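The values are calculated or read from the model by the stated rules, or taken from the named source; none is laboratory data. Quick caveat, the model's predicted, so the values are computed rather than measured. Note: ideal-geometry Cβ built from the backbone for every residue, glycine included; neighbour counts use all protein chains shown. Heavy atoms of the whole protein, side chains included, go into the accessibility calculation; ligands, DNA and RNA do not. Shrake-Rupley method; radii C 1.70, N 1.55, O 1.52, S 1.80 Å.
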Amino acid sequence: MKEKSTKPWGGRFSEATDEFVEQFNASVGFDQRLYRQDILVSRAHARMLARIGVLDDRDCDKLLQALDTISAEIESGTFPWDSALEDLHMNIESRLVELAGDVGKRLHAGRSRNDQVVTDVRLYLRDAIDEIDPQLEKLQLAIITLAEREVDTIMPGFTHLQVAQAITFGHHMLAWFEMIHRDRARLSRCREGVNVSPLGAAALAGSGFPLDQEYVAQQLQFEKSCDNSLDAVSDRDFAIEFCAFAAILFMHLSRIAEELVLWTSAQFNFVELPDRFCTGSSIMPQKKNPDVPELVRGKSARVYANLFALLTLMKSQPLAYNKDNQEDKEPLFDTIDTVNDCVIAFANMLPHLQVNRDQLLAAAQLGHATATDLADYLVRKEVPFRDAHEIVGRVVQYALAKRKRLDELSVQELQNFSPQIEEDVFDILSLQGSVNSKNTYGGTSPQQVAAQIKRAHQRLKEFGVS
Ligand code: ARG
């Protein structure tokens, strides 16, 4: 049997922790990154204890000073992290006692690692959200820049990945803008759930000290305190909401990524990525691979997995805190890092996208993209839409057999299908005419796209997460 435990909680233990268990139990390898938040929380707690008379002012000052020293040690890389001390909270507390002497032992009155850790995580996530949102805005601005540059660039619009109708490139970009805008709205709602203070919940039941929870919440710029102490220490739904936001964001980013991968292929050749965002092949000298969009598409896998990890972690956990919750950090941190990396990568890359206008136009000319316009033309000449659809279907069949585009057919050829067709049909059979005519709100005409760009700028101005 080993000697008595030397842990901060070792009082009731008669033997030291098994070495393997010690390593297995330790979270300090990954929770260190909460150190800034942990120190902020300790500072607020110390001040609050002094306010309510549990700590005298001199002791409080000593604690604050020692916490400053610890912060400097961690930042300079000299802090003596020790996995035998389990997690960052006990590492910091143990160093506090070394630096401040017995006063260091007074700080943990009225709190538990259970409310401490979840407070740290909430603060950390709030900071991460406040960093991510401006990056998302930057991505939106990059997208708008492309839309502005290509307001009237004609391209094929697809349904089923078959040419459907001509659209403008600017219009396509603004569809991306909308996706990211809703992601930002989700992030903003998520922040509200995150920004609540669990302090004062202590282990689970609240505290016997008359803690000033409002004061600590204010010090840490929380909106309010949690309304139930059991819930405060046990739930991680705020982290799940963030991971859900991220999963939906990556669903969008993966769609953008997929389009970029398709569009840069030799078969499409719609756009070109700058060389510095691509890589070559070690065997095929001609290759230029779209690694950045492919990686973003690929990283959606871990982001979805992280959401499922947290959902599964919390499923069926009885109240209140369980050690399972130590497993909340890695999926959350990984999600934050992945969101940051991928949004920055796209925001940096997109403004340098080179758009091959000739190729886009040529692609739009394939696939009889103005067939619907011809049907609409017949409707304006009093033909019922279903009949017009049938007539144009036959025109397309004829054009396919003749290997001609619709606007290459003569008026005489067209009149064989419907006597209502006249010379003016060529105004709408051209791609430009087709695109200009789609002037409904949110539609693809350059006029509508210009209006959407204006609104997009306005909405960005009005929007802010924090
Ligand atoms: N390292 C722990 C975590 O991340 C801190 C809380 C531990 N609380 C406890 N009662 N063992 O969740």
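This table checks each residue for (1) of a type in the set (D, E, K, R); (2) over 18 Å from ARG113 (Cβ atoms); (3) touching a helix residue (DSSP H, G or I) at 6+ places or on another chain (Cβ under 9 Å); (4) surrounded by fewer than 16 Cβ atoms within 10 Å (Cβ to Cβ).
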residue	(1), (2), (3), (4)
MET173	no, yes, yes, no
ARG191	yes, yes, yes, no
VAL196	no, yes, yes, no
GLY200	no, no, yes, no
ASP212	yes, yes, yes, no
VAL216	no, no, yes, no
GLN219	no, yes, yes, no
ALA247	no, yes, yes, no
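Could you please find all residues in region 85-117 being within 11 Å of the ligand (Cβ to nearest atom), in a helix (DSSP H, G or I) and either open to solvent by 40 Å² or more (accessible area, probe 1.4 Å) or not β-branched (Val, Ile, Thr) (or both)?
Of everything in region 85-117, those that are within 11 Å of the ligand (Cβ to nearest atom), in a helix (DSSP H, G or I) and either open to solvent by 40 Å² or more (accessible area, probe 1.4 Å) or not β-branched (Val, Ile, Thr) (or both) turn out to be LEU85, LEU88, HIS89, MET90, ASN91, ARG113, ASN114, ASP115, GLN116.
Looking only at region 69-79, filter to residues that are surrounded by 13 or more Cβ atoms within 10 Å (Cβ to Cβ) and farther than 24 Å from VAL118 by Cβ; which one of those is nearest to the ligand (Cβ to nearest atom)?
GLU73
Taking interchain pairs and intrachain pairs at least six residues apart, which have beta carbon atoms under 6 angstrom, with the first residue in region 204-226 and aliphatic (A, V, I, L, M) and the second surrounded by fewer than 17 Cβ atoms within 10 Å (Cβ to Cβ)?
Hits for this filter: LEU204/LEU230.
Spot the failing condition for GLU178; the list is (1) within 28 Å of GLN317 (Cβ to Cβ); (2) open to solvent by 30 Å² or more (accessible area, probe 1.4 Å); (3) part of a helix (DSSP H, G or I), and only one is missed.
In the conditions (1) within 28 Å of GLN317 (Cβ to Cβ); (2) open to solvent by 30 Å² or more (accessible area, probe 1.4 Å); (3) part of a helix (DSSP H, G or I), GLU178 misses (1) alone.
Do you know which residues across region 241-296 are of a type in the set (S, T, N, Q) and either over 25 Å from ILE180 (Cα atoms) or assigned to a loop (DSSP other than H, G, I, E, B) (or both)?
Across region 241-296, the qualifying residues are SER265, GLN267, ASN269, THR279, SER281, SER282, GLN286, ASN289.
Considering only region 327-417, give the helices (runs of 4 or more DSSP H) lying wholly within it that have at least 1 residues that are touching a strand residue (DSSP E or B) at 6+ places or on another chain (Cβ under 7 Å) and either on the phi < 0 side of the Ramachandran plot or among the polar types (S, T, N, Q) (or both).
Those helices (runs of 4 or more DSSP H) span 357-365, 371-380.
For region 431-466, give me the residue count where each residue is under 30 Å from ASP376 (Cα atoms), of a type in the set (S, T, N, Q) and in contact (Cβ under 8 Å) with a residue 12 or more places away in the chain.
Summing the residues that are under 30 Å from ASP376 (Cα atoms), of a type in the set (S, T, N, Q) and in contact (Cβ under 8 Å) with a residue 12 or more places away in the chain in region 431-466 gives 7.
Need pairs with beta-carbon distance below 6 Å; first residue over 21 Å from PHE250 (Cα atoms) and within region 273-298, second assigned to a helix (DSSP H, G or I) and modelled with pLDDT of 85 or more; sequence gap 6+ or separate chains.
The qualifying pairs are PRO274/HIS352; THR279/ASP291.
Can you tell which of ASP82, ASP120 is charged (D, E, K, R), within 16 Å of the ligand (Cβ to nearest atom), in contact (Cβ under 8 Å) with a residue 24 or more places away in the chain and open to solvent by 10 Å² or more (accessible area, probe 1.4 Å)?
Values: ASP120 fails: open to solvent by 10 Å² or more (accessible area, probe 1.4 Å).
Being charged (D, E, K, R), within 16 Å of the ligand (Cβ to nearest atom), in contact (Cβ under 8 Å) with a residue 24 or more places away in the chain and open to solvent by 10 Å² or more (accessible area, probe 1.4 Å) holds for just one of ASP82, ASP120, which is ASP82.
Only residues in region 102-117 that are of a type outside the set (A, V, I, L, M) count as the first member; pair them with residues that are more than 16 Å from the ligand (Cβ to nearest atom) and open to solvent by 30 Å² or more (accessible area, probe 1.4 Å), Cβ under 6 angstrom, at least 6 apart or cross-chain, and list the lot.
Close Cβ pairs satisfying both conditions: GLY104/VAL97; LYS105/VAL97; GLY110/PHE209.
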